[in-house]
1. May I ask you to derive the relative contact order of segment 2-217, considering only C-alpha pairs under 8 Å and at least 6 residues apart, and to give it as an integer percent?
2. Antiparallel DSSP bridges in the chain: what percent, to the nearest 5?
3. Could you estimate the translational diffusion coefficient of the chain from the Stokes-Einstein equation, with Rh from the Kirkwood formula over C-alpha pairs, at 4 °C and 1.567 mPa s, in whole µm²/s?
4. Local charge sum around T30 (other residues, Cβ-Cβ under 10 Å, Lys/Arg +1, Asp/Glu -1)?
5. In degrees, nearest 10, range 0 to 90: what is the angle between the Cα axis of helix 230-239 and the longest Cα principal axis of the chain?
6. Specify which residue in the list T255, T193, V108 is farthest towards the positive end of the charge dipole of the chain, using unit charges on the beta carbon of Lys, Arg (+1) and Asp, Glu (-1), about the Cα centre.
7. Divide by every residue of the chain the summed helix terms, -39500 (n - 2.57) for each DSSP H run of at least 4, and state the resulting mean residue ellipticity at 222 nm, rounded to the nearest 500 deg cm²/dmol.
8. Using a 10 angstrom cutoff on alpha carbons, build the Gaussian network for the chain and name the most mobile of G258, G162, G131.
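Rule-based calculations on the coordinates, nothing more; no lab input. Keep in mind it's a predicted model, so treat the numbers as computed, not measured. All Cβ positions, glycine included, derive from the backbone under ideal geometry; neighbour counts span all protein chains shown.
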Amino acid sequence: MIELTDLTKRYGDKTAVDHLTVTVRSGTVTGFLGPNGSGKSTTLRMILGLNAPTSGTVTIDGRRFIDRPRGLRHVGALLDAQDIHGGRSAVAHLKSLAVSNRIPLRRVGEVLDEVGLAEAGRKRIGGYSLGMKQRLGIAGALLGDPPVLLFDEPLNGLDPEGVRWVREMFQRLAKEGRTVFVSSHLMSEMEHTAERLVVIGRGALIADETLADFSRRGSKAAVLVRAPEAAALAAILTAEGAEVEDAATAAGGLTVLGLTAARIGELAWRNDIMLAELATQNASLEKAFMELTADAVEYAAGEAR
């Protein structure tokens with residue numbers, strides 16, 4: 001379990017992390033989301049003692065990470081897959097980590113096999129692709145068989161098979177009772193991977209809840225309607241107080257906010273309008289994220305002209 005209590009980090013007059021209080025629970029995959037510049041990487045570095053907080057505390061299972069002399073036995077982390085000596089082989093790199101943390105050397109072969117790098121283990125890391133470096137970084141995080149795991153953008157550079165493998169691995173580790181904390185900008189992957197979300201913007205907490213609750217809270221319920229007399233139906237629904245837009249996904253389609261599918265069907269029936277389609281759209285994590293973090297985006301692109 002990771003506990004952040006009133007965690008704050010300032011660089012001069014800029015606040016990178018702002019009084020963040022969060023508990024990351026064991027036995028679940030927790031996604032860590034936020035716009036670029038929101039303070040995610042700074043938070044992860046403070047958890048690992050790489051950056052000192054300006055104020056507040058962060059503990060892992062009740063202790064600061066820097067107070068653990070053999071850290072990889074307690075916490076495994078991948079922060080930057082490129083931050084590694086390219087002249088070494090993967091075997092040499094992992095052996096150095098194992099020796100310094102008193103981890104049995106047999107674990108080197110085990111984790112290389114687990115991440116699919118057994119045959120490339122003696123090749124120089126400088127010749128690895130980004131996806132291979134990501135796999136090596138994951139191997140390093142798993143080396144000490146730790147109860148707590150942190151990953152910063154672990155899917156960068158992975159092919160679809162690699163993405164699926166990482167997703168299944170995270171879920172397996174969580175089922176084993178471990179704490180799995182994953183920072184990512186890929187909303188679609190968090191929908192398939194995480195059970196809980198911690199969302200921050202400008203360093204401050206926006207949400208700490210299940211993925212399903214977050215999606216529902218941030219995204220209005222929408223109904224897709226398709227009808228031959230779409231214009232007439234739109235006028236009726238607008239008169240009832242609904243927000244109606246043309247649906248880009250279907251000819252003659254409308255996206256309706258503010259009325260249930262049952263009420264739309266009733267209004268169409270009363271006005272002798274035939275419906276070709278009537279469906280409630282699923283809540284979207286990406287839409288919820290964009291809505292709830294709209295005021296916390298530090299670098300926003302302008303509208304196309």
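1. On the way: 436 pairs, mean separation 65.3, N = 216.
Contact order relative to length: 30 percent.
2. Looking only at bridges with both residues in the chain, the antiparallel portion is about 65 percent.
3. Values: Rh = 21.8 Å.
Using the Kirkwood radius from Cα pairs, D works out to 59 µm²/s.
4. Values: positive: R25, R196; negative: E195, D208.
Around T30, the surrounding residues sum to 0.
5. Helix 230-239 sits roughly 90 degrees off the main axis of the chain.
6. V108
7. Working: 10 runs with 100 residues, N = 305.
One gets -9500 deg cm²/dmol as the mean residue ellipticity at 222 nm.
8. Largest GNM mean-square fluctuation: G258.
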